[in-house]
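Where a number appears in this text, it was derived from the coordinates with a stated rule and is not lab data. No experiment lies behind these values; they were computed from the predicted model shown. Glycine also receives a Cβ, built like all others from the backbone with ideal geometry; neighbour counts cover every protein chain displayed.
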Amino acid sequence: MSTAETSPVELVSSSQPHTASGLSTDSPYVIEPPRTRTRKTPRATRGNFEMWAWLFMRLSGVVLVVLVLGHLVIQLVVDGGVSKIGFAFVAGRWASPFWQGWDLLMLWLAMLHGSNGMRTVINDYASRDTTRFWLKTLLLVATVFTVLLGTLVIFTFDPNI
C-alpha cells in the first residue's frame, strides 16, 4: 500500500486551530485552504511585465546564441581568423547594411538581455526600496547610454578617418 492510500489529506477551514506551519494539530496530513484577501494583501496588477520579461529572456537568449555563434564562425573560421580583424576589416563589414543590422541586433539584444537579468538580480538581492530604485536607475542610464552610443558608432562609422 502506498503512503497516499494510508494518509488521506483533509481540508481545514482557517477558523480551525492550526500550528504555525499551517497544519492542524489533530492530523499531520492537513492542507489548509487559501486565506481570504485582507486590506494588507497586495492587489493583483493588471500588467504582466514580469511574464513578458521572462519570455523576452528566453527568446532573446535563443536569438543571441544564433547571432553570436554565427558571428564567431564567420569572423574566425570563414574569414581567416583573428589576425585578419582590424580597422579595414570592420570598415569593410560595416559598409554593408546587412552587417550593420546584424551587429545592431546583437548589440541591442545583448544589452537588453543583460539589463533584464541584472534587474532581476537587483530585485532579488537589494533589500531596501531606495537601494533597489537607485540601482535600477543606474542600470537604466548605463543601458540607454551604451545602446545609444553603440548604435551611433555603427551607423556613423567613417572608414576615412
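Some observations on this one:
- Rounded to the nearest 0.05, the FRET efficiency derived from the C-beta distance between LEU140 and VAL68 at R0 = 30 Å is 0.80.
- Computed from the C-beta positions of TRP52 and VAL90, the FRET efficiency with R₀ = 41 Å rounds to 0.75.
- Here the extension length gained between TYR125 and LYS40 equals 28.3 nm, from 0.36 nm per residue of separation less the Cα-Cα distance.
- Vicinal HN-Hα couplings computed from phi for the range 72-86 (Karplus, 6.51 cos²θ - 1.76 cosθ + 1.60; Hz; Gly/Pro x): 5, 5, 5, 6, 9, 9, 6, 8, x, x, 5, 5, 7, 7, x
- In sequence order, calculated HN-Hα J values of the range 90-103 (Karplus, 6.51, -1.76, 1.60; Hz; x Gly/Pro): 5, 4, x, 5, 6, 6, 9, x, 4, 6, 4, x, 4, 5
- Scalar couplings 3J(HN,Hα) for the range 122-132, obtained by applying the Karplus form with A = 6.51, B = -1.76, C = 1.60 to θ = phi - 60°, are 4, 4, 6, 10, 7, 7, 8, 5, 5, 4, 4 Hz; x denotes Gly and Pro.
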